[in-house]
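The values are calculated or read from the model by the stated rules, or taken from the named source; none is laboratory data. Because the structure is predicted, anything quoted here is derived from the model rather than measured. Cβ placement follows ideal geometry from the backbone for every residue including glycine, while neighbour counts extend to all protein chains displayed. Accessible surface areas use protein heavy atoms only, side chains included; no ligands, DNA or RNA. Shrake-Rupley method; radii C 1.70, N 1.55, O 1.52, S 1.80 Å.
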Amino acid sequence: YQRKDQAPALHHANHPPAMKADAPNRRVFRHYWKECIGSGHALLATRADYQRAFQEVINDIGIKGVRMHGVFDDDMSVVLPKQPYDEAVRKHGGKVEDDGLAFTYEFYNVAQIYDYFLSVGIKPIVELSFMPALLANCSHNWGVDDTAPRCETYMHYLGIVMPPYNNPNATSGQKTGYDLWEELVNEFTKFLVNRYTVETVRDWHFEVWNELWGMPYTKEDYLTLYDRSFKAVKAVDSQLKVGGPATMQCQYTGDFVRDNTVRDNNGKITTQNFDFVSSHLYPTDPNCTYPAPRSGEIDCFANTIKDGVDAARREGSTSPFFLTEYNAGLSSELLNSNLASAFIFRNIPLLHDHLDVFSYWTFSDIFEENGMHSSPFEGFNYGIQTQQGIKKPVYRAFELLRDAGGEQLPTVIRDKSEINPVDSRNATITAFSTVQVKPGATKETIHVFASNYAPPHFTINNAHLKFKLKIDLEANENQDSFTCDPTAIGRLIDEDNGNVVAEWEKLGKPLYPTATELASIKAVSHIPEQTLQVTQNYVPANTTSGQLAYIECFAEQDMKTFSAMRVEFTLAKK
């Protein structure tokens, strides 16, 4: 710990996370995980329960943005035939301005969604997906209507993952294929700018497609889709922000930068046709599971992301890097448990200097990739809260992070000797510390966020931790210059605290919990405060070693496996 008035200029540096705040420098601590959170597909945002749940993540976690699939899906009614409906519209495969067969762009549902998000202060990452059936020239009703090919779709909500149909019989002046996609994106962007003002939409981000679904990373497929989307958005306003490739497993990040960078004959970059680079990763992806070479690294997840960022940087990108999807693993068992909380506390400091957006997938189990399941904890439950509003342990982890300070204190982990540093690359215990500086304040709150985490295939043990705050004293200061409050406040998430699944199982795993049962489960989700006794010691200066006199304050706590804890110290200057 070092006082603000004595700290050097703030800077970013790669300090290991630590338990003991005893290094001389503070640095800015960005709350980059608050910039965005994932959501079920677009139409769900019109639901009242969805909006109630989203308001809670704004209030409890401080979320500022949202990303969702399917703003162009057919359930959004964005591309419709002109009425009366004529089957020839779809078979025509293109738009004609004057023959009565044209389709129209309808953004009523789009307006309902973005009106809501703007009303609560949310800035969206607008994923441009998926392909409307009229542009793909396909049929959702195969077997009933065989006049067009069957639509190739992903997910229960039938997002079409096909390129736009290129009509070989298109006449001169008739738009078809990617001309129609570019027109759709352009009309959509104009609608947003006209409704919400160009100044507002300049703060948004347009991300092209999702994980190359149906669009291989080739010049003919994804790169054409991206190029046309980029041109369509920029034609409305050159300052609007567009990026990609939104790939899974941190794939193609360097290729994307290279393929969208123009260099002169001397190799100097003249133009880059992207404003950010984006990708996705989950710790259960093949990158980090056996027999992948990195499956033996505790921090494979963070290291793989750093590789993806580095690949973009090597190709010349200086633009922001967004991880627009991640969580603790694509398994309901993992995501419903306290492991997800420990995962968050471990990875946020590791990726702080590498990511600009860290968007958890997703904010709620109001989510239909595999249909809307009834049970609170069964099915594909990627949300931080259930569809009934039960807060999972990972929700509480984000809630504890909400009030993290704006400055990070360098911290180290030491072994039982309290002398030898521990290599965090091989340790399950990690931590970081923050302080919120308030000008003129005589007290400061220091938060220590600790995690006992490893991927499920690793060996992990319970631990006993000593949280120690060290305050170096100036020559004119003495042992009475600073006082730590005699107690610290601990908030521990583990198998005994916040375990909503255990409470649900105790109640007999009700498929449709009653109001009484829901109240019981929700009560368990709250993380109780624990009072930790603080010991304060004064250590005089050592003239031989040059060690300044210092005050240390410490508290102790057991941490079980896959647990996360926040300890709050209050320090007063006399």
Quiz item: In µm²/s, what is D for the stretch 425-493 at 10 °C and 1.306 mPa s, where D = kT/(6 pi eta Rh) by Stokes-Einstein and Rh is the Kirkwood radius from Cα pairs?
Solution: 103 µm²/s
Quiz item: Whole-Hz Karplus ³J(HN,Hα) for the stretch 346-354, in order, using 6.51 cos²θ - 1.76 cosθ + 1.60 and θ = phi - 60°, x for Gly and Pro?
Solution: 6, 8, 4, x, 5, 9, 3, 8, 10
Practice problem: Express the C-alpha Rg of the stretch 427-573 as a ratio against the empirical globular expectation 2.2 N^0.38 Å, rounded to two decimals. | Solution: 1.37
Self-check item: Computed label-point distance, nm, for sites S295 and A475 using a 7 Å Cα→Cβ extension
Solution: 6.1 nm
Quiz item: If amide H atoms are built 1.01 Å from N in the plane of the peptide, which residues on other chains or at least 5 residues away come under 5 Å of the amide H of F206?
Solution: V126, K241, V242, G243
Quiz prompt | Counted charge near V501, where neighbours are those whose Cβ lies closer than 11 Å (Asp, Glu -1; Lys, Arg +1) | solution = -2
Exercise. Using only the Cα atoms of the stretch 242-343, each taken as one equal point scatterer with no solvent, compute I(q) by the Debye sum, divide by I(0), and report log10 of the ratio at q = 0.24 Å⁻¹.
Key: -1.20
Self-check item: Percent carbon-and-sulfur accessible area, the chain, ignoring ligands, DNA and RNA, probe 1.4 Å
Solution: 48 percent
Self-check item: Restraint check, K231/K306; K64/K306; K190/K234; K34/K443; K64/K241, Cα-Cα greater than 19 Å
Solution: K231/K306; K64/K306; K34/K443
Practice problem: Work out the FRET efficiency for Q112 and K573 from their Cβ-Cβ distance, taking R0 = 60 Å, and round it to the nearest 0.05. | Solution: 0.70
Practice problem: Could you order D275, D307 so the one with the most accessible surface comes first? Probe is 1.4 Å. | Solution: D307, D275
Quiz prompt | In the stretch 466-574, the GluC sites (Glu not before Pro) that fall in loop regions by DSSP, at most 12 other Cβ within 10 Å | solution = E474
Quiz item: Using the per-residue mean of other Cβ atoms lying within 10 Å as a proxy for protection, in what order, highest first, do the peptides 455-465, 54-64 fall?
Solution: 54-64, 455-465
Quiz prompt | About the Cα centre, charge dipole magnitude for the stretch 469-574 (Lys/Arg +1, Asp/Glu -1 at Cβ), debye | solution = 240 debye
Quiz item: Which whole-percent values make up P(r) of the stretch 189-262 when all C-alpha to C-alpha distances are grouped in 5 Å steps starting at zero?
Solution: 3, 16, 25, 22, 15, 12, 6, 0
Self-check item: Calculated FRET efficiency for the pair E495/R150, C-beta based, R₀ 51 Å, to 0.05
Solution: 0.60
Quiz item: Using the Karplus equation 6.51 cos²θ - 1.76 cosθ + 1.60 (θ = phi - 60°), what ³J(HN,Hα) coupling, rounded to whole Hz, does each residue of the stretch 47-53 give in order, writing x for Gly and Pro?
Solution: 7, 5, 5, 4, 5, 5, 5
Exercise. Rank V437, A404, N497 by how far each Cα sits towards the positive end of the charge dipole of the stretch 396-502 (+1 on Lys, Arg Cβ; -1 on Asp, Glu Cβ) and give me just the farthest.
Key: N497
Exercise. Jot down the per residue volume, in cubic angstrom and as a whole number, of the convex hull over the alpha-carbon atoms of the stretch 279-392.
Key: 113 Å³
Quiz item: Rg/Rh for the stretch 25-76: what does it come to with C-alpha atoms and Rh from Kirkwood?
Solution: 1.14
Practice problem: Please give the FRET efficiency for A463 paired with A502, using the beta carbon to beta carbon distance and R0 = 22 Å, rounded to the nearest 0.05. | Solution: 0.50
Quiz item: Considering only the chain, what is the antiparallel percent among its DSSP beta bridges, to the nearest 5?
Solution: 70 percent
Quiz item: Counting Lys and Arg as +1 and Asp and Glu as -1, what is the net charge of the other residues whose Cβ lies under 12 Å from the Cβ of K231?
Solution: -2
Practice problem: Please compute the net charge surrounding I125, taking Lys and Arg as +1 and Asp and Glu as -1 over other residues with Cβ under 12 Å from its Cβ. | Solution: -3
Quiz item: What chymotrypsin sites (Phe, Trp or Tyr not before Pro) in the stretch 330-379 are in a loop by DSSP, with at most 14 other Cβ atoms within 10 Å of the Cβ?
Solution: none
Self-check item: Cα centre as origin, Lys/Arg/Asp/Glu Cβ charges: the stretch 311-414 dipole, Debye
Solution: 380 debye
Quiz item: Roughly what angle does helix 178-196 make with the longest principal axis of the chain, taking Cα atoms, 0 to 90 degrees, to the nearest 10?
Solution: 60 degrees
Exercise. Could you give the spread of the C-alpha atoms of the stretch 338-433 along their three principal axes, from largest to smallest, in whole angstroms?
Key: 53, 27, 21
Quiz item: What is the list of residues in the stretch 470-485 whose amide nitrogen lies under 12 Å from a point 7 angstrom out from the Cα of T442, following Cα to Cβ?
Solution: 483
Practice problem: Extending each Cα 7 Å along its Cβ direction at Y217 and R195, get the distance between those two points in nm, one decimal. | Solution: 3.3 nm
Quiz item: Toward the positive end of the charge dipole of the chain, about the Cα centre and with charges on Cβ (Lys, Arg +1; Asp, Glu -1), which of M559, W204, N265 goes farthest?
Solution: M559
Quiz item: What percent does the relative contact order of the chain come to when contacts are Cα pairs within less than 8 Å and at least six residues apart?
Solution: 16 percent
Quiz item: Where only protein heavy atoms count, and the probe is 1.4 Å, what is the accessible area per residue for the chain in Å²?
Solution: 41 Å²
Exercise. Figure the gain on full extension for A427 and S520 (residue separation times 0.36 nm, minus the Cα-Cα span) and round it to one decimal in nm.
Key: 29.8 nm
Quiz item: Based only on Cα atoms, what Rg/Rh ratio does the chain have, Rh being taken as Kirkwood's radius?
Solution: 1.02
Quiz item: Quick one: helix 222-234 against the long Cα principal axis of the chain, what's the angle to the nearest 10°, folded into 0 to 90?
Solution: 90 degrees
Self-check item: Positive dipole terminus of the chain, leading residue within P421, V309, W361 (C-beta point charges)
Solution: P421
Quiz item: Relative to the longest principal axis of the chain, what angle (0 to 90°, nearest 10) does the C-alpha long axis of helix 108-119 take?
Solution: 20 degrees
